[in-house]
Each structure stands twice: as C-alpha cells, then as structure tokens.
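A short worksheet on the structure shown next.
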Amino acid sequence: PRLWPVIEMIERFNLELARRFVALAPDVMGIPEDLGAQDRLMISPRSFRKYIKPSYLRITGLVRGRGILIHEHSDGYILQIIDDLVEAGGDVLNLQDLVNGIDNIAREVRGRLAIELDIDRQSITVSGTPKDIDDHIRECVAKLNTPAGGLGLVYQPWPPTPIENIRAVWDALEKYCVTNG
C-alpha cells in the first residue's frame, strides 16, 4: 500500500517535467529508464504493467498529443515488455544488442519503430578481434535496418577496451552506414 504514493509522486514530478519540455516544443523527448538487468527485467512484466505502464501512458499521452517523438532508453533485457513500450508511445527504442539478441530484436522490434541499438561494450568490442567487431556490426545492420522503422547504432567504449578495437568499431560503423533517401 505504501508503494502507490511513491509512484504517484514520481509520476507527478515526471508529468510536470514533461509539461515543461512540451512548452519548449522539442522534436523529440527522451524517457531514460533502465528497466532490465543482464538476463531479465528488474521488475516482472505483470508488475511493470500494473505499476509503471499506466504512468508511462499518461506521460507519453501528453507528449504524443503535441506531435513530439518519444525516445525510450533502457539498458538490459527488455524483450518481455516490448509490446508495452510500443503501446506507451515510443517512436525510437534504445536497447542493447547482445543482451536482447539481434535475432530477437529483429523479430520483436524491426519495422515497428526506430531502433537505436546500443552496440556491445562488454564482450565483442572488448576482447574480440577487429574482424569479430566488423562481423557483429555488419550483422546488426543486415538484420535490423529497414526504412519502415529505421536503425541507428550507438557505441560508448569503456576500459579496458583496446584502442584498436575502438577504431574497428568506428571503421565498421562508417563502412556499414546506410542512408535511405
């Protein structure tokens, strides 16, 4: 019973923040959440739908009603609530590649909304070869790019990533950059 007042307080804060952003007439507004851990959601899908999704719908309803695009960010595994995030009004979904799986993302998200794919920074780009990195980014583009939904790739190198691997990421991003138009 004590959870509802906390949820309502957070929602009121976020709604007021959204109202202030809407008043500035931006093209895009971000919802930065980290809903997933490495191998599961941090909250069950049922609890997400009960406690969080209704607030999302109210906040995104305010924003979408003004024609503003919504960029939803979430680290971790979120496949179980993709439909909920789409329903809540997301236009662009930032999610992690290996945690969610490229084939899973292609099946669940490709063509439904724009994907902003967070390129791995835990395994392939840290300890793989430049060829492994090139192969991975080529696979991401081949399986996820579509004019119907769009694809953007983002990458943040972290220690102990070798400089040659960072260079391999940048080279592959440039090599497989596709423009539609």
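The values are calculated or read from the model by the stated rules, or taken from the named source; none is laboratory data. No experiment lies behind these values; they were computed from the predicted model shown. Neighbour counts are summed over all protein chains in view; Cβ atoms, including those assigned to glycine, are modelled from backbone coordinates with ideal geometry. Note: accessible area is taken over every heavy atom of the protein model, side chains too, but ligands, DNA and RNA are not part of it. Shrake-Rupley method; radii C 1.70, N 1.55, O 1.52, S 1.80 Å.
Can you find a residue in segment 46-58 that is β-branched (Val, Ile, Thr) and in contact with a Gly (Cβ under 9 Å, 6 or more places away or on another chain)? Looking through segment 46-58, none of the residues is β-branched (Val, Ile, Thr) and in contact with a Gly (Cβ under 9 Å, 6 or more places away or on another chain).
Determine whether GLU116 is among the acidic types (Asp, Glu), in contact with a strand residue (DSSP E or B) (Cβ under 9 Å, 6 or more places away or on another chain) and crowded, with 16+ Cβ neighbours inside 10 Å.
Details: among the acidic types (Asp, Glu): yes; in contact with a strand residue (DSSP E or B) (Cβ under 9 Å, 6 or more places away or on another chain): yes; crowded, with 16+ Cβ neighbours inside 10 Å: yes.
Yes: the conditions hold for GLU116.
Taken together, the criteria place ASN145 among residues that are crowded, with 16+ Cβ neighbours inside 10 Å and out of contact with any helix residue (DSSP H, G or I) (no Cβ under 8 Å at 6 or more places or on another chain). Looking only at residues of segment 31-53 that are of a type in the set (Gly, Ala, Ser) and not in a helix (DSSP H, G or I), we find that the one that is least open to solvent (accessible area, probe 1.4 Å) is GLY36.
Only one entry of ARG64, ARG58 meets the criterion of being within 22 Å of ALA148 (Cβ to Cβ), surrounded by fewer than 18 Cβ atoms within 10 Å (Cβ to Cβ) and either over 16 Å from the mean Cα position of the chain (by Cα) or touching a residue at least 24 places away in the same chain (Cβ under 8 Å) (or both), and that entry is ARG64. In the condition set (1) touching a strand residue (DSSP E or B) at 6+ places or on another chain (Cβ under 8 Å); (2) closer than 26 Å to THR60 by Cβ, TYR155 is compliant with all but (2).
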